[in-house]
Every structure is written in C-alpha cells, then in structure tokens.
Amino acid sequence: MAIKPSHSMFFFMFLLSSGCFFLGIIEASVHEYKGERFVRKGNAFVVHGGSEGIYSSVSDVSLNDSAASADNGDAYIRFEKIKFRKPELNLNFSSSSIHALVFEVEDRETIGGSAYGGQRAVCCTADLAKLGVCKQGEVIVRPSTRDPSWPQVFSVVFKENRLIATMRSKSIPITKTGMYNLYFIHCDPNLVDLVVAGKTIWKNPTGYLPGRMAPLMNFYGFMSLAFVILGMFWFSQYARFWREVLPLQNCITLVITLGMFEMALWYFEYAEFNETGVRPMGITAWAVTFGTVKRTVARLIILMVSMGYGVVRPTLGGLTSKVIMLGATFFVASEVLELVENVGAVSDLSGKARLFLVLPVAILDAFFVIWIFTSLSATLSKLQARRMMVKLDIYRKFTNALAVAVIVSVGWTCYELYFKSTDVYNERWQNAWIIPAFWQVLSLSLLCVICALWAPSQNSTRYAYSDDTNEEFDKDETSLTLIKPSPFPSKEFRTAPEPRPVQSNNGTLNDDDLEEDKTE
C-alpha cells in the first residue's frame, strides 16, 4: 500500500517557513555547527542545517579543486567534518541511523507521509512498517518526480562502544536552481541528548554569497557610484558658494558623506562575504552604524526643516531637547535592530524577539512622520500669512516630495507584507533582494530632491532666517502688518536696492508695492 501524502507540511518545515517570514534569515554560506542539540518535532529529532537559494552550476570545474576561485561557475553543498556525539550514558545502547537530508523546496511533499490520511509522520511508524512501505525508525523519503536522485539522504551509524560518529566528507553538485534545505534527522528516542558539530559550505556559481543576497553586491556598487555623482555635484556647489552656505546645507553635506561611506562599506562587505563565505563582522558593524547614523541625522534634518529651523526661525527653542531625545532613542533602537539582523546569530532569533525589536523603530518612525507634517502645516501657514513667497514656494515643493515619499513607503510596505505572506517557503527568493534595495533607492531619491531644493548658490541667503522683522515666528497672528523700512537691505531680498521691497505671488518685484513703501 502506497503512503498517502498529506497537503499540510510537517512541523519542522513550518518552523523553517515561519522563521524565514519573521526573520528574513540571512546566514553565512559557511554554516558551522557547534554542538547543536537535536530537537523533537513530531516523531522525529531534527537540527536545521541551513536554507539557501542556490543557482545551478555553469561550469564543469571539479568540486574537489580547492584552488579554484570563488566565481569559477560551480555550485555545490559540501559536508566537512560532520560529527555526532552521544552522551556517555548511552554508550552501550545500539542506535538507528542518523540522516542528513538535503532537498529542494519543491520536493517538500516527498518527505514524510501517513497511511490513511492521518497525522503526517517524518519517521516511519509501526502502522506504516506493517504495511511494508518503510522500515520502522527510518526517515520516510520518496524520490522526486522531477529527478529520482533527489532528495538526497546520507546516513551514519554509531559503531559499537563509540561516542562519536563521523560523516564522510562529500559534495553535492547543484544542477538545478532552487531553494535548498538541509536537516539532520534521527528517529531514536534513546539519542535525546545527541549533538552535531562541523560545517557545511554552500556555494553559488559567482561565489559564496547566498543566492538571495548575490544581486545586492552589484546593487551597492551602483549605489556607491550614485552617491559619488551626487557628492560631486553637491561639493562643487559647496566649494563655489562656501561664503553663502547655511547651517542646513552643512547638515545635508554630513548626510551625503555618511551615505557614501555606508554604500562603500556595504559593497566591500558583500565582496568579502562572496569571496570567503564568512561574513566580515567588523565591516558589517561599521556599515550598519554608518547607515543608522545617516538615517537618524536625515530624519532630524527633515524634522528641523519642517519646524523652520535656519530658514524662518534661528533656534528650536524649548523643542531642542525633545528633538535630540527623539533622535537618540531612534538611533539606539535602530542600531540594535540592525546589529542583531546583520551581525548577530540571526537563526537563533525568534519571531517574537524580532517583533520586540522592530516595533519600537516602527513607532518612532510613525512619530517622526506625524511631527514632521504637523510642523510643516504650521510653517506653511506662517509663511503664507507673511507673504514670504520664495520660502513658501520651496516649502511647498518640500512638502509635496515628503508626501509622495510617505505614500510610496506605505504602498511598498503593503507589498512587502503581501510578498512575504504569499511566499511562505521562499520560492521567490530570486526577487527577495528588491525589498531592501527599494528602501535605499527611495532614501537616495528623497535626498536628491532635498539637494536640488537647498543646493548652495549665490542666492542661498534668501532661504535663511532674517531677524530684521520685529516679530517672533511662534507668535500667533490673524492679520498682516505693514513692514517698516530699514536702513539696510533685507536678507530676504538681498538684490533689491530699496528698503524692504515686497514680492508679488509670481516672485517678481511689484512697482506699486515699492511706491507704497516710499510713501509710508
């Protein structure tokens, strides 16, 4: 009687899929096992050995050629020095086989089964053994309809009076692009405290980067080039008009510099990872830190500009401490999240633990958005009431750019949730790199808009705060007052020879207003 497969996945596959959904797992191509204990799932004991997208080989290079370069075109999964150790209490107990099971995600239904449509079992049960379809205590594996040689199973048995069983080193060539999974499994209740040690190496044709991360190396290369081009434009303008530079433009210069360092560090991090198969923790930590500082400074700049700092007010007054506190809190929360995701042991982070780290960052981001648009609304109202048309025009463009960025961000977040919720088993892993890449492109686009609006020029001072009015910006007022002539030209209208000429809505000088000032 044939085993009747169930459409529901067995439990350890569910853990794999849910882990990828909540964590976006990014693991090294060299997976090291340092005494991992087998965990009971259903009627089996398992250790998850890794999950990675691998592209098929494009060359016939020998898998045993250790001198071959990382980008030689071959793809494989290699087992090296895999050892299983059982406790001394079980020295005299005979045990069944321990299996290393490698399968492509499309073949997940070939593992496990049930005789009459009941609960799915990974290990062969007594009822199934009586039917003669499997041997009790062994893992149930059926050949794939696509390739009878898959899934691949390798077994090892403890020799008599031995505490350690060693698996022979071997390589599995990858001839089909897919998401591959490795599990160490045994079905013997006597080996409850069994542990595994050693490592496996997962290689793509272009190097050791996991398949879902491989496109990001080229992406960060292009991003580095984009920041260099933006930096050349900005620094050339800065050098030409350095006498006219505003404090706000100094802050923008800092963001561009941080962005250049961040993109370059990410590129070198991926290049090193691709070459060695081990993530360079030092470079990764610096890349994460530069990125977090850049995002924090960028949000603070947008918030301060929205409040009118440096443009329509000289200081933030009593709000300074609150702005600094919000920025510091965001930096700490974001830095911890990014370090844990990129530097820490990602595979050991549960969904609830990651949610605990993501939630504060999301709440702080929402608070930034609310505060920014509330401040922008007040600033626009004040500028319109005072007929500061040059500043009003630039603030309207700035508001429109922010509104578009927020709308696009919300839309992309919804798409990201849809993408992850409908790709439970990471079958669309080849497109997963687009998710993080989009946020970098959106951030750069908004920075380019800000650079275009506030680029250093000979007229930069007309965007700066001018203290020649006798009014406080924060003072509420419901009516306009005439502006008295000043013996010195206004900074707001630097090029006009007359005192305090008034601009019309189209930004040109109004002769009637000049005459009105003369007769006042």
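Which peptide among 291-297, 428-434 comes first, and what is the full order, when sorted by highest mean count of other Cβ atoms within 10 Å? Provide the component values of the computation, followed by the final result.
On the way: 291-297: 20.9, 428-434: 17.6.
Most protected by this proxy first, the peptides run 291-297, 428-434.
Can you give me the distance in nm between label points at Asn190 and Leu355, each placed 7 Å from the Cα along the Cα-to-Cβ direction?
4.2 nm
Please list the non-local residues whose amide H lies under 5 Å from the amide H of Gly277, H modeled 1.01 Å from N, same-chain partners needing a gap of 5 or more.
Tyr208
If R₀ is 22 angstrom, what is the calculated FRET efficiency for the pair Arg37 and Thr166, using the beta carbon separation as r and rounding to 0.05? Numbers along the way, then the final one.
Values: r = 18 Å, r/R0 = 0.83.
Approximately 0.75, to the nearest 0.05.
Taking 7 Å along the Cα-to-C-beta vector as the label spot, tell me the Val332-Asn431 distance in nanometres, rounded to one decimal.
My value for the distance between the label points is 4.0 nm.
Per-residue HN-Hα couplings for the stretch 218-224, Karplus 6.51 cos²θ - 1.76 cosθ + 1.60 at θ = phi - 60°, whole Hz, x for Gly and Pro?
Here the 3J(HN,Hα) series is 5, 4, 5, x, 5, 5, 4 Hz.
Longer than 30 Å from Cα to Cα, which of Lys294/Lys391; Lys130/Lys199; Lys130/Lys420; Lys176/Lys199 are they? Say none if no pair is.
Numbers: Lys294/Lys391 26 Å; Lys130/Lys199 37 Å; Lys130/Lys420 42 Å; Lys176/Lys199 23 Å.
In this structure, Lys130/Lys199; Lys130/Lys420 lie more than 30 Å apart at Cα.
Determine ³J(HN,Hα), in whole Hz, for all residues of the stretch 280-286 in sequence, where each value follows from phi through the Karplus function 6.51 cos²θ - 1.76 cosθ + 1.60 and θ = phi - 60°; x replaces Gly and Pro.
x, 4, x, 5, 4, 4, 5
Once amide H atoms are built 1.01 Å from N in the peptide plane, which residues 5 or more positions from Asn43, or in another chain, come under 5 Å H to H?
HN-HN under 5 Å from Asn43: Val122, Cys123.
Consider all pairwise Cα distances in the stretch 72-227 and report the whole-number % of them above 20 Å.
On the way: 7331 of 12090 pairs.
For the stretch 72-227, the fraction of Cα-Cα distances above 20 Å is 61 percent.
For Ser421 and Gln136, FRET efficiency with R0 = 30 Å and r from the beta-carbon atoms, rounded to 0.05?
On the way: r = 38 Å, r/R0 = 1.28.
So, using R0 = 30 Å, E works out to roughly 0.20.
In whole Hz, what ³J(HN,Hα) sequence does the stretch 143-154 give by Karplus (6.51, -1.76, 1.60; θ = phi - 60°), x for Gly and Pro?
With coefficients 6.51, -1.76 and 1.60, one gets x, 6, 6, 7, 8, x, 7, 10, x, 9, 10, 10 Hz.
With a probe of 1.4 Å, find how much accessible area the stretch 321-444 has per residue, and write the answer as a whole number in Å².
Values: 6630 Å² over 124 residues.
Using a 1.4 Å probe on heavy atoms only, each residue of the stretch 321-444 averages 53 Å².
In nm, to one decimal, how far is the Val408 label point from the Ser236 one, both placed 7 Å along Cα→Cβ?
Here the answer is 2.4 nm between the modelled labels.
The values are calculated or read from the model by the stated rules, or taken from the named source; none is laboratory data. Only a predicted model underlies this, so the values are computations on that prediction, with no experimental measurement involved. Heads up, the Cβs are rebuilt from the backbone with ideal geometry, glycines too, and the neighbour counts pull from every protein chain shown. All accessible areas refer to the heavy atoms of the entire protein, side chains included, with ligands and DNA or RNA removed. Shrake-Rupley method; radii C 1.70, N 1.55, O 1.52, S 1.80 Å.
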